[in-house]
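Report on the structure given below.
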Amino acid sequence: MERTSGRRLSHQHVGGIAALYLAAAYLATMPYFLLVLDYQHAVDPAAKLALLVTHQGSLYAFNLLAYVVFGLVLTVLVLALHDRLTGETPAMARVVAGWGIIWSCLLIASGTASNMGMEYVVRLHVTDTAGAAAAWQTIESMVNGMGGAGGEALGGSWVLLVSLAGLSSRHLPRALNWLGLATGIVGLASNIPSLRESAAVFGLLQIVWFVWLGIVLLRTQQGESWAHHGGAAAQHRPA
């Protein structure tokens, strides 16, 4: 029994560290993409290609942080939350985990496709500028679709489901769950073309949610009752 509790405690702390990394990744990459790169204002294909050529090195690194590593770390948090939320709502916990893993896989695919596509068009730019710009338009469409630029369908729904499961199981603070519900709704709203800009609000709210969630997971103590911290199911397992 003690061994099981120890494993759960370790999972919760690792999940807390993962949540804080995700918040830090947002904080590190949002200023770069919005202010330094200013990619959103480059609407002409030639202007976008020029940005790729000029900032290839830094853009490659930030794509790794914001998508590839972000997706890998997200899987750690997803599994920690599954461990915590499994109890009175095991079916919902499985759905939450499944949606979270799908989101993380798409983020990883988006980042790797963006970096590989960028390498291709930068090489092609040397001999065929027009062809490189046209190729990037196609690559960018696929990358944006996987990464949520067209709306935070997966990210918003995952945060929403985590919060609903938290409210149902009472394994997460009630106020945190209400913040998560608001965050998820804003993320889902970004799928509506006229509300697409709400994705930025979703990102800001999710930073706060990740930090708060990380603190909650890190503060889980071995002596605490799992009836309140996600371990109710463990009490019914054999030692």
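The values are calculated or read from the model by the stated rules, or taken from the named source; none is laboratory data. Everything numeric here is computed off the predicted structure, so don't read it as measured data. Note that we place each Cβ from the backbone using ideal geometry, even for glycine, and neighbour counts take in every protein chain shown.
Pairs are defined by a Cβ separation below 7 Å, a sequence spacing of at least 6 or placement on different chains, a first member in region 128-147 that is at negative phi, and a second member that is of a type in the set (K, R) and in a helix (DSSP H, G or I); the pairs so defined are W136/K48. Can you find a residue that is in contact with a helix residue (DSSP H, G or I) (Cβ under 8 Å, 6 or more places away or on another chain), at pLDDT 90 or above and more than 26 Å from V201 (Cα to Cα) anywhere in region 26-40? No, there is no match, as no residue in region 26-40 is in contact with a helix residue (DSSP H, G or I) (Cβ under 8 Å, 6 or more places away or on another chain), at pLDDT 90 or above and more than 26 Å from V201 (Cα to Cα). Sub-6 Å Cβ pairs linking a first residue in region 180-208 that is modelled with pLDDT of 90 or more to a second residue that is surrounded by fewer than 20 Cβ atoms within 10 Å (Cβ to Cβ) and not in a helix (DSSP H, G or I), at least 6 apart or interchain, are S190/R196, ordered by first then second residue. Scan region 95-107 and tell me whether some residue there is touching a Pro at 6+ places or on another chain (Cβ under 7 Å) and at pLDDT 90 or above. No, the conditions are met nowhere in region 95-107.
Before we move on, is Y39 free of Cβ contacts under 8 Å to residues at least 24 places away in the same chain and hydroxyl-bearing (S, T, Y)? When the stated conditions are applied, Y39 passes them.
For region 67-94, enumerate the residues that are within 12 Å of G166 (Cα to Cα), at pLDDT 90 or above and surrounded by fewer than 24 Cβ atoms within 10 Å (Cβ to Cβ). H82, the sole residue that qualifies.
Among the conditions (1) without any contact (Cβ under 8 Å) to a residue 24 or more places away in the chain; (2) closer than 30 Å to T54 by Cα, the only one that L106 does not satisfy is (1).
Evaluate region 182-204: report whether one residue or more is farther than 27 Å from P31 by Cβ and in contact with a helix residue (DSSP H, G or I) (Cβ under 9 Å, 6 or more places away or on another chain). Let's see the steps before the verdict.
Step one: filter region 182-204 for residues farther than 27 Å from P31 by Cβ, giving none.
No: zero hits.
Please go through region 45-59 and pick out each residue that is within 24 Å of Q206 (Cβ to Cβ) and either loosely packed, with under 15 Cβ neighbours inside 10 Å or touching a His at 6+ places or on another chain (Cβ under 9 Å) (or both). If the condition is that a residue be within 24 Å of Q206 (Cβ to Cβ) and either loosely packed, with under 15 Cβ neighbours inside 10 Å or touching a His at 6+ places or on another chain (Cβ under 9 Å) (or both), then S58 is the only one that fits. For region 192-206, give me each residue that is crowded, with 18+ Cβ neighbours inside 10 Å and among the aliphatic types (A, V, I, L, M). Within region 192-206, A199, L205 qualify. The helices (runs of 4 or more DSSP H) found entirely in region 6-110 that carry 2 or more residues being of a type in the set (F, W, Y) are 56-63.
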